[in-house]
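Here is the structure we will look at.
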Amino acid sequence: MSEVRLSRIANVMLGTTDLARSLAFYHETLGLDIRFQSPGFAFLDGGGVALALSEAHARLATPVAGGTEIVFGVEDVTAAHAALTARGVAFLSAPRNVTGDQWAANFRDPDGHLLSVFGPRSAAS
């Protein structure tokens, strides 16, 4: 028998109760490009890992959002926090130091999935 090894995450799929609302959030608010869309389903460019949004997946999961977090790497957490706040994102807290020179700030998508921006903070911040 040949050895099977899972070595790469290709997609992260999130259930959504309203695809249009979630696409507006991830594409217009967060700036992710849409790769593919069909009724009730979409793939967005997550920079090496596709982020899939699925209404059918939401029907499989109760509750829709759980103990999972998607972390977006950024060059400057404070700048990302300010820009996303200006676009209407409601953060759960201000940017905070989480380890060494790495900072994070958490927020939720329209279905309640936990998201964060993570990376260094600029010297000007």
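The values are calculated or read from the model by the stated rules, or taken from the named source; none is laboratory data. Since we're looking at a predicted model, the values are computed, not measured. As a convention, Cβ positions derive from the backbone with ideal geometry for all residues, glycine included, and neighbour counts pool all protein chains shown.
Among the residues of the range 88-108, those identified as surrounded by 12 or more Cβ atoms within 10 Å (Cβ to Cβ) and either assigned to a loop (DSSP other than H, G, I, E, B) or in contact with a His (Cβ under 7 Å, 6 or more places away or on another chain) (or both) are Val89, Phe91, Pro95, Ala105.
Selection of first residues in the range 68-94 that are of a type in the set (Lys, Arg) and of second residues that are in a helix (DSSP H, G or I), restricted to Cβ pairs under 7 Å at least 6 apart or on distinct chains, gives the following pairs, ordered by first then second residue: Arg87/Thr29. Checking each residue in the range 94-125 for being over 21 Å from Asp18 (Cα atoms), small (Gly, Ala, Ser) and out of contact with any Phe, Trp or Tyr (no Cβ under 9 Å at 6 or more places or on another chain) picks out Ala94, Gly100, Ser122, Ala123, Ala124.
Of all the criteria given as (1) assigned to a helix (DSSP H, G or I); (2) in contact with a helix residue (DSSP H, G or I) (Cβ under 8 Å, 6 or more places away or on another chain), the one not satisfied by Arg59 is (2). Condition test on Thr78, is it polar (S, T, N, Q), over 16 Å from the mean Cα position of the chain (by Cα) and not in a strand (DSSP E or B)? So Thr78 passes the test. How about the range 22-42: which of its residues are outside any loop (DSSP other than H, G, I, E, B), within 17 Å of Leu84 (Cβ to Cβ) and not aliphatic (A, V, I, L, M)? If the condition is that a residue be outside any loop (DSSP other than H, G, I, E, B), within 17 Å of Leu84 (Cβ to Cβ) and not aliphatic (A, V, I, L, M), then Ser22, Phe25, Tyr26, His27, Glu28, Thr29 are the ones that fit. Report yes if Arg59 is in contact with a strand residue (DSSP E or B) (Cβ under 7 Å, 6 or more places away or on another chain), in contact (Cβ under 8 Å) with a residue 40 or more places away in the chain and among the charged types (D, E, K, R), otherwise no. Considered against the rule, which asks whether it is in contact with a strand residue (DSSP E or B) (Cβ under 7 Å, 6 or more places away or on another chain), in contact (Cβ under 8 Å) with a residue 40 or more places away in the chain and among the charged types (D, E, K, R), Arg59 comes out as no. Residue check: is Leu30 under 24 Å from Pro120 (Cα atoms) and either touching a Gly at 6+ places or on another chain (Cβ under 7 Å) or surrounded by 13 or more Cβ atoms within 10 Å (Cβ to Cβ) (or both)? So Leu30 passes the test. Of the residues Ala42, Ala80, Ala65, Ala10, the single one that is touching a strand residue (DSSP E or B) at 6+ places or on another chain (Cβ under 9 Å), surrounded by 12 or more Cβ atoms within 10 Å (Cβ to Cβ), farther than 20 Å from Asp111 by Cα and of a type in the set (Gly, Ala, Ser) is Ala80. Of the listed requirements (1) at pLDDT 90 or above; (2) of a type outside the set (Val, Ile, Thr); (3) under 21 Å from Arg8 (Cα atoms), Gln37 misses just one: (3). The number of residues in the range 43-56 being without any contact (Cβ under 8 Å) to a residue 40 or more places away in the chain and either on the phi > 0 side of the Ramachandran plot or part of a loop (DSSP other than H, G, I, E, B) (or both) comes to 3.
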